[in-house]
1. I'd like to check which strands (runs of 3 or more DSSP E) are fully inside the chain and have at least 2 residues that are at negative phi and either β-branched (Val, Ile, Thr) or under 11 Å from the mean Cα position of the chain (by Cα) (or both).
2. If a residue has to be free of Cβ contacts under 8 Å to residues at least 60 places away in the same chain and touching a Phe, Trp or Tyr at 6+ places or on another chain (Cβ under 8 Å) to count, how many in the stretch 1-17 make the cut?
3. Return only the number of the condition from (1) at pLDDT 95 or above; (2) surrounded by fewer than 17 Cβ atoms within 10 Å (Cβ to Cβ) that GLU72 does not satisfy.
4. Can you give me the number of residues within the stretch 71-92 that are farther than 20 Å from LEU28 by Cβ and free of Cβ contacts under 8 Å to residues at least 24 places away in the same chain?
Amino acid sequence: MVSSNSILVASKEQVSCEFNGELVILNLKNDSYYGLNQMGTFIWDIIKEPKTFCQIRDVILAKYKVDQDECERDLLELINDFLANDLIQVSE
């Protein structure tokens, strides 16, 4: 489970690159491809280096005009999707 102090980082078992304006990620564990939109790409760029959930949220809030509760819900949903697809690692 992801908490506000969870440290998130992109898995080492993936490669990513931009393609036609989207970020494409290849999970090397299961040979699956994932495409991210502009916001997903923005968040992916943040977690290339270890960051806490709160640090990621704060970067988003500083750049975009969005309600904090909505930001946290949407970010948690994306993070859980990344986790379900083995794209990130989480530690406390």
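The values are calculated or read from the model by the stated rules, or taken from the named source; none is laboratory data. These figures come from a predicted structure and were not determined experimentally. We place every Cβ from the backbone using ideal geometry, glycine too, and count neighbours over all the protein chains shown.
1. 7-10, 22-27, 88-91
2. The number of residues fulfilling the criteria is 2.
3. Of everything listed in (1) at pLDDT 95 or above; (2) surrounded by fewer than 17 Cβ atoms within 10 Å (Cβ to Cβ), GLU72 misses just condition (2).
4. Selection size over the stretch 71-92: 5.
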